[in-house]
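Scroll down for the structure; my scribbles are underneath it.
The values are calculated or read from the model by the stated rules, or taken from the named source; none is laboratory data. All values reported here derive from a predicted model rather than from experimental measurement. Backbone-built Cβ (ideal geometry, glycine too); neighbour counts: all protein chains shown.
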Amino acid sequence: MLEVDLLSVSYGKHVALDNVSLTVSPGEMVAILGANGAGKSSLLGAIGGRVTPAHGGITFEGADLLRLPDHARVEAGIALVPEGRGIFPGLTVAENLTLGANPRHARAGADAQRAEILALFPRLGERLGQVAGTMSGGEQQMVAIGRALMSAPKLLLLDEPSLGLAPIVVQEVFAALGRIRETGLTILIVEQNARATLALADRAYLLEAGRITGSGPAQELRTDPAVVRAFLGGAIPAEQ
Amino acid sequence: MALTTLILGLVLGGTYALLALGLTLQYGIARIMNLAYGEFTLVAAFCLVALFQGAGIPPLWAMIAVAPAGYAVGWALYAVMMRPLVTRAGNSGRLEVDSILATFGLLFLIQGVLLVVFGANFTSISYLDQGVRVLGVSVAANKLIAFGICAVVGGGLVLALHFTRWGLTLRAVAQTPGSAPLVGIDVNRMARQGFALGTALAAVGGASVAMHQTFSATGGVVFTMKALVIVIMGGVGNIGGALVAGLALGLVETFVATAIDPGLTLAATFAIFLGVLLWRPQGLFGRG
């Protein structure tokens, strides 16, 4: 569904991504694990159209994605929840969700989609009239994810959805991601919280200093000693 | 007497509010501070007069064509003159300064053409100027019609901005342009629409000016400044604030002109402006 081929991104002399290749198949949840500054956000930014790559290719459903400007990629079926969330802080929750359904293909099913999202995040339903910028970080993240789902995406890109959230809220967000995953939506997620992410994902890539240094099924990576040392912190879980 | 001032002030304020609405749309959505804004008002006013005197087309009929024509001119101007500035500025924030310099030049260009074509004399027409009694006060019919047009166009726009998906999209771009592409909004397209819509409002404002006021080719800058004063008074980006501030400015000017001296209207406008800038720079209705 998504093929990233030898993609490089640089900011001036700093190379953020160096010949990165990866694939995502329909229905899969793929995780990209990496430390701060490993290039995770640059990768999602390039797929979402917020970052222009130096070279390399990205195809989505067989079409060249790099030829589309950022806004057109949403129409093509790619929804990005960026780091920092990118919601409309001055508008209400309801308005944010309505704007999410801006792509043409999303409008017809918008009401049904909205009902599903409110079932997923009941708190949004209670706060529809609240100005989004006045909500807590976790609630804003729910608005951002809900808004992305309103665009009826084929591929959901999540950039560090748990960043800066309290542990209890992180659990809530991951529980919601688990339910989104059950709907069969294809997801590419970038996270520092490797343990929770690997528990949900089918496959994962390891990104270090702009390069892919490993990949494999999430189940295997969870017990791989190198991964445990680098990303999970501490020893291999006791069941080993 | 007080009632006369009130009604005439509201009539004048209606035009001001409409002009301010257009300027705030251009600045809020396209991020272009258009110093030639008042010139577009004048072009529309002169066209209305020329059509009336030259071809006998009644201003009310010409009015129907003025808004779409203004929109088309704004659209073309954005494509030819503003788009290169937008592209060059990227995200650097240079657009604001560049657009001020470019439209400052455009101001003199349009003014020069107007002076050559229409001359430097004050212009006005007499059209529907028989008095109509409103609450016991005699008001010229053309003033009432001009006010009605401003109320319908301005009010309609405010409703559209708050109750339609299109209006929601415009507000989203005005408030958080960086997030707009995430929901598939083409910010450049909305900027062009906002600029064109602002020009259309300048033109409708100009047409209503032509119906009941005297104006000259060099007076465009006064319209721009008044619209700017109102936008800042109302709080930049605050549509409702611009409407209220516009009406308020019309009332103050009319009061000063009738109770003190007509020569002091502009001085009064700028006294208010200075006061707002000094004590409430976020605008009378701005937050914070």
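If you scan the stretch B:245-288, which residues turn out to be part of a helix (DSSP H, G or I), without any contact (Cβ under 8 Å) to a residue 60 or more places away in the chain, more than 20 Å from B:PHE223 (Cα to Cα) and not aromatic (Phe, Trp, Tyr)?
Scanning the stretch B:245-288 gives a single hit, B:LEU278.
Matching residues to (1) within 14 Å of chain B (Cβ to nearest Cβ); (2) hydroxyl-bearing (Ser, Thr, Tyr); (3) within 23 Å of A:LEU97 (Cβ to Cβ):
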{"residue": "A:GLU139", "(1), (2), (3)": "no, no, yes"}
{"residue": "A:ILE145", "(1), (2), (3)": "yes, no, yes"}
{"residue": "A:LEU149", "(1), (2), (3)": "yes, no, yes"}
{"residue": "A:ILE189", "(1), (2), (3)": "no, no, yes"}
{"residue": "A:ALA204", "(1), (2), (3)": "no, no, no"}
{"residue": "A:PRO217", "(1), (2), (3)": "no, no, no"}
{"residue": "A:THR223", "(1), (2), (3)": "no, yes, no"}
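Surrounded by 15 or more Cβ atoms within 10 Å (Cβ to Cβ), farther than 23 Å from B:ARG171 by Cβ and within 13 Å of chain B (Cβ to nearest Cβ): which single residue out of A:LEU65, A:LEU44 fits that description?
A:LEU44
Conditions tested, residue by residue: (1) within 17 Å of B:ALA271 (Cα to Cα); (2) among the aromatic types (Phe, Trp, Tyr); (3) modelled with pLDDT of 90 or more; (4) under 13 Å from the mean Cα position of the chain (by Cα).
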{"residue": "B:ARG192", "(1), (2), (3), (4)": "no, no, yes, no"}
{"residue": "B:THR199", "(1), (2), (3), (4)": "no, no, yes, yes"}
{"residue": "B:ALA207", "(1), (2), (3), (4)": "no, no, yes, yes"}
{"residue": "B:ALA227", "(1), (2), (3), (4)": "yes, no, yes, yes"}
{"residue": "B:LEU249", "(1), (2), (3), (4)": "yes, no, yes, no"}
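Does the stretch A:205-214 include one or more residues that are within 30 Å of A:ALA115 (Cα to Cα) and under 15 Å from the mean Cα position of the chain (by Cα)?
no
For the condition surrounded by fewer than 18 Cβ atoms within 10 Å (Cβ to Cβ), within 18 Å of the chain's Cα centre (by Cα), within 13 Å of chain B (Cβ to nearest Cβ) and under 23 Å from A:VAL227 (Cβ atoms), what is the one hit in A:GLU75, A:GLU83?
A:GLU83
Between B:GLY155, B:GLY167, which is more than 14 Å from chain A (Cβ to nearest Cβ), farther than 20 Å from B:ASN34 by Cα and surrounded by fewer than 20 Cβ atoms within 10 Å (Cβ to Cβ)?
B:GLY155
Using the structure shown, decide if A:VAL9 is farther than 23 Å from A:ARG181 by Cβ and assigned by TED's automatic domain parsing to the domain that holds A:PRO217.
Spelling it out, A:VAL9 is indeed farther than 23 Å from A:ARG181 by Cβ and assigned by TED's automatic domain parsing to the domain that holds A:PRO217.
Taking interchain pairs and intrachain pairs at least six residues apart, which have beta carbon atoms under 7 angstrom, with the first residue in the stretch B:179-194 and more than 7 Å from chain A (Cβ to nearest Cβ) and over 14 Å from B:ALA79 (Cβ atoms) and the second among the basic types (Lys, Arg) and surrounded by 24 or more Cβ atoms within 10 Å (Cβ to Cβ)?
none
Check whether at least one residue in the stretch B:67-85 is of a type in the set (Lys, Arg) and within 20 Å of B:LEU201 (Cα to Cα), and report yes or no.
No; the residues of the stretch B:67-85 include none that is of a type in the set (Lys, Arg) and within 20 Å of B:LEU201 (Cα to Cα).
For the stretch A:8-31, enumerate the residues that are more than 18 Å from the chain's Cα centre (by Cα) and either of a type outside the set (A, V, I, L, M, F, W, C) or surrounded by 18 or more Cβ atoms within 10 Å (Cβ to Cβ) (or both).
A:SER8, A:VAL9, A:SER10, A:TYR11, A:GLY12, A:LYS13, A:HIS14, A:ALA16, A:ASP18, A:ASN19, listed by residue number.
If you take the residues of the stretch A:224-238 that are part of a loop (DSSP other than H, G, I, E, B) and closer than 15 Å to A:LEU206 by Cα, which of them is modelled with the lowest pLDDT?
The selected residue is A:GLY233.
Of the conditions (1) assigned to a helix (DSSP H, G or I); (2) of a type in the set (D, E, K, R); (3) closer than 23 Å to B:VAL66 by Cβ, B:ASP129 satisfies every one except a single condition; which number is it?
(1)
May I ask you to verify whether B:ALA202 is of a type in the set (Gly, Ala, Ser), within 14 Å of another protein chain (Cβ to nearest Cβ) and assigned to a helix (DSSP H, G or I)?
Against the criterion (of a type in the set (Gly, Ala, Ser), within 14 Å of another protein chain (Cβ to nearest Cβ) and assigned to a helix (DSSP H, G or I)), B:ALA202 does not qualify.
Identify the residue in the stretch A:47-62 that is within 10 Å of chain B (Cβ to nearest Cβ) and free of Cβ contacts under 8 Å to residues at least 40 places away in the same chain and, among all such residues, is surrounded by the fewest Cβ atoms within 10 Å (Cβ to Cβ).
Step by step, filter the stretch A:47-62, then rank; the result is A:ARG50.
Before we move on, is B:PHE122 loosely packed, with under 13 Cβ neighbours inside 10 Å, among the hydrophobic types (A, V, I, L, M, F, W, C) and at pLDDT 90 or above?
no
With the structure loaded, tell me whether B:MET211 is within 13 Å of chain A (Cβ to nearest Cβ) and aliphatic (A, V, I, L, M) or whether it fails that test.
Answer is no for this residue.
So in the stretch B:73-97, with the set limited to residues that are surrounded by fewer than 12 Cβ atoms within 10 Å (Cβ to Cβ) and not aliphatic (A, V, I, L, M), which one is nearest to the chain's Cα centre (by Cα)?
B:GLY93
When both residues are 6+ apart or on different chains and their Cβ atoms are under 8 Å apart, which pairs have a first residue that lies in the stretch A:73-91 and is over 18 Å from B:LEU168 (Cα atoms), and a second that is acidic (Asp, Glu)?
If the second residue must be acidic (Asp, Glu), the pairs left are A:ALA76/A:GLU61; A:GLY77/A:GLU61; A:LEU80/A:ASP159; A:VAL81/A:ASP159; A:PRO82/A:ASP159; A:GLU83/A:ASP159; A:GLU83/A:GLU160.
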